[in-house]
Structures are given as C-alpha cells and as structure tokens.
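The block underneath contains the structure these notes are about, expressed in structure tokens.
Derivation of every value follows stated rules applied to the coordinates shown; laboratory data play no part. All values reported here derive from a predicted model rather than from experimental measurement. Cβ: placed from backbone, ideal geometry, glycine included. Neighbour counts: every protein chain shown.
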Amino acid sequence: MRPRPAFRLYLITDRRLAAANGGIVDVAARALRGAAEVAPPGAVAIQLREKDLDARELVNLGRAMRSVCAQYRAPLLINDRIDVALAIGADGVHLPADSFDPADARALLGSSGLIGVSIHTVAEAANASSAADFVVFGPVFDPISKAAYTSAAGLSELAAACARSSLPLYALGGITAERIGQMSQELNFGYLTKMVGVAVIGAVIGAADPGAAARDLLVACDSAK
C-alpha cells in the first residue's frame, strides 16, 4: 500500500512572481526555513511548475530546487514532466487535467513516486484515478497571484469535492491563513476529512516574507484540525 502524503502545505512555484524577491530557489528556501520553525520535516512539499522552460533549463532549476528541498526533507514534485522528474531524482510529478493518465505515470515512477492530479469539479474528484496519491481542487477562491482561469468554486463545491473524493485533497486558489479558518468554521467538518492541506502560489511566493507566510499557513492548518 502506498504511503499517504504527509505534507500539509503544497507550495507551487512561479519564478516570475519570485524574481523581485530574490529568485524562486531563494524564496523556496526561505519558505522552508520558516515552516521548519513550527512543523516537522516533510510538512511542506514543493511543486516545480515552470511550464515555459525547456527541458535543460527545467533540469538545471530542478536540481537547484532539489538541493534546497533535501535540506528540509521537503518532497519535490515536477509539474507534468515525468522525464525531468526521473532525470533529477524528484519525489514525484503533478499532472494537470490534460496530462498523462496517472496509471501511465505510475508505471514509469513505480510505487514510491508521489503523483498529484489537478481537478476542478466535483465529478473529477469522484472519478480521480486510484493510481494517483492526492488531488488538488480549485480554485476555491479567486487566485491571489494570477488571473482566474475559471470561476471560483466556493466553499460548497469544496465540501462536495471532499465528500466525493477517495483521495487526500488539497484546496487551491486564493488560500490565506484567514481563509483556512473560514473553511473550517463554515463547512461541516465531516466533509473535510479528505482535505489534508492547502496548495498556494501567491500567498507565499508573492509574500514579502515567504518564511512568515509559510509559517502562518501551517499554524492555520493545525488550528483548523
């Protein structure tokens, strides 16, 4: 049986957003350092999501990120590119909705590789492949760091997705520490048994102090549970 994902905060990269704040590798390191003040190793995972980079550039960035993640025992997943994940020894991959079938990814990664899948509807939550380890549902709220690619699902759809999902679920889109509290207060907590954490981009990558932002999000997650 594959291990359940242990992280509570899933940090998704955006190197353009991080450019004015020291660069994405430095921002990730600061976030992980802050998280380590309040949580054990492995509480944060990082998804390297730089879709416009070619393979060589992504491999080079991935190796630098892998080094940082290793210091804090943070799992590193590569968005979409299974080849890059294998090349750098990443911990897994994250598959967009139009990417590889998770079963095909599992055949390549083996039983120890983490596989996350993006979902946007309750139906997708219900039908998520058992070859995956977790799903990321969103956007729950309007995103902080970029224009919305679809309308925000809202708390009722999040509750329904949690209820229908057979896999651990992370909420994405406009997530802040305050909204984590709102989610735990306004929803019937029984629906959130599958919600094991949150996924963020702008709340940490775009923060003036990424370490404090990651720390606050983890504290909020622990308080909600």
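Highest mean packing first, where packing is the average number of other Cβ atoms within 10 Å per residue, the peptides 61-74, 126-139 line up as 126-139, 61-74.
What value, in deg cm²/dmol to 500, does the helix sum -39500 (n - 2.57) over DSSP H runs of n ≥ 4 give at 222 nm once divided by the residues of the chain? For the chain, the value works out to -12000 deg cm²/dmol.
How high is the relative contact order of the chain, in percent, counting Cα pairs under 8 Å that sit 6 or more residues apart?
This gives 24 percent for the chain.
Here the Karplus relation 6.51 cos²θ - 1.76 cosθ + 1.60, evaluated at θ = phi - 60°, turns the backbone of region 42-54 into coupling constants of x, 6, 10, 10, 10, 9, 7, 10, 10, 5, 8, 7, 6 Hz, with x for every Gly and Pro. Solvent-free Debye calculation, one equal scatterer per alpha-carbon of region 29-92: log10 I(q)/I(0) at 0.20, 0.22 Å⁻¹ equals -0.71, -0.82. In a simple Cβ point-charge model (Lys, Arg +1; Asp, Glu -1; nothing else charged), the chain has a dipole of about 480 debye relative to its Cα centre.
Could you tell me how far the Cα centroid of region 1-53 sits from the Cα centroid of region 203-225, in Å? Each part's Cα centre sits 11 Å from the other's.
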